[in-house]
C-alpha cells in the first residue's frame, strides 16, 4: 500500500471547515474545485495548518487515523474533521500557508509575511470579511486596527477571529464617473450603489464614524482575485497573520500559469 503524507487543511472560502487529506495542496485545490461532486463551482481559499496543531474542540487524531489510502491504493482525498466554528478554534500561529484556487483548479501558494500593509491614516478602505463573517465594510481604520476592532471592540458585528481582505477600489474614480448622474452605479457585483455612496459619504463627512457596513453578502464569489489589494489577514486582538499577494512581476513570471487563468 502506498504511503502518503497527511495534511491538515482549513477551508476559509466558500465554507469554513477543517479537513484531513493525503493530497498535496495543488491536488487538494484541484479536487475541491474540479473533481468533487460535493462542491458546486467557483473559487476556493484554504490554508495548510501545522500537522502538529491540536485543540480539544477538534477530534484531529481520530480523523487523521481514518485518513488512509483506499483499497486501490489511491490517497484519501478528504476527511472532514469539523464544519463549525473552525477558525475560532484554530491558533493563528498554526497557519503555515494560504492557497488561492481558481475556478478551474489552479492553485497559488502564499506564504506569511512579517509585516502588514501600511497606508496613509484616514484613507477609506473597502474590506471584505472572508471568514467566519462575510460582510463588506468601508472603514478609515488600517488593516491592523480593523482586525482588532472586529475581534475585540464590537460584539454586535464582530467575531473572536477574522479572516479578511481588501478590495482594490478607486473611490475618486467612483465619484468622477457618477458626478451629476441621475442613476448611480458601482462596479461591485450585488452591491447597492446608493447604499455604497451613502456609506462613503458618511465616513467622509463624519470623522467620528470609522466603519460602515455596505453589504451583508460577500463579493468574493463574483469578483476576480485580481481585484484584491495587498492580500489576506487573519486577526485576533493584537495578533495578526498576513499573507501578501505576489507582486505583478512575480505574477507574470513565477506564477504566470496561475495568473493567466484568473478571471
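Okay, here's what the table says:
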item	result
Only listed residue being over 30 Å from residue 250 (Cα atoms), in the same structural domain as residue 18 (by TED's automatic domain parsing), in a loop (DSSP other than H, G, I, E, B) and at pLDDT 95 or above, chosen from 61, 56	56
Test result for residue 225, touching a strand residue (DSSP E or B) at 6+ places or on another chain (Cβ under 7 Å), within 30 Å of residue 107 (Cα to Cα) and either crowded, with 18+ Cβ neighbours inside 10 Å or assigned by TED's automatic domain parsing to the domain that holds residue 138 (or both)	yes
Residue 231 being assigned to a strand (DSSP E or B) and at positive phi	yes
Some residue of region 6-19 being in a helix (DSSP H, G or I), under 30 Å from residue 223 (Cα atoms), outside the structural domain of residue 161 (by TED's automatic domain parsing) and touching a residue at least 40 places away in the same chain (Cβ under 8 Å)	no
Answer from 92, 108, 100 - the residue that is in contact with a helix residue (DSSP H, G or I) (Cβ under 7 Å, 6 or more places away or on another chain), touching a residue at least 24 places away in the same chain (Cβ under 8 Å) and closer than 30 Å to residue 203 by Cβ	100
Identity of the residue in region 118-145, at pLDDT below 95 and within 16 Å of the chain's Cα centre (by Cα), that ends up nearest to residue 211 (Cα to Cα)	143
Of all residues in region 234-263 being in contact with a strand residue (DSSP E or B) (Cβ under 8 Å, 6 or more places away or on another chain) and in a loop (DSSP other than H, G, I, E, B), the one that is farthest from residue 122 (Cα to Cα)	255
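The values are calculated or read from the model by the stated rules, or taken from the named source; none is laboratory data. All of these numbers come straight from a predicted model, not from anything done at the bench. Methodologically, a virtual Cβ is constructed for each residue, glycine included, from the backbone with ideal geometry; neighbour enumeration extends over all protein chains shown.
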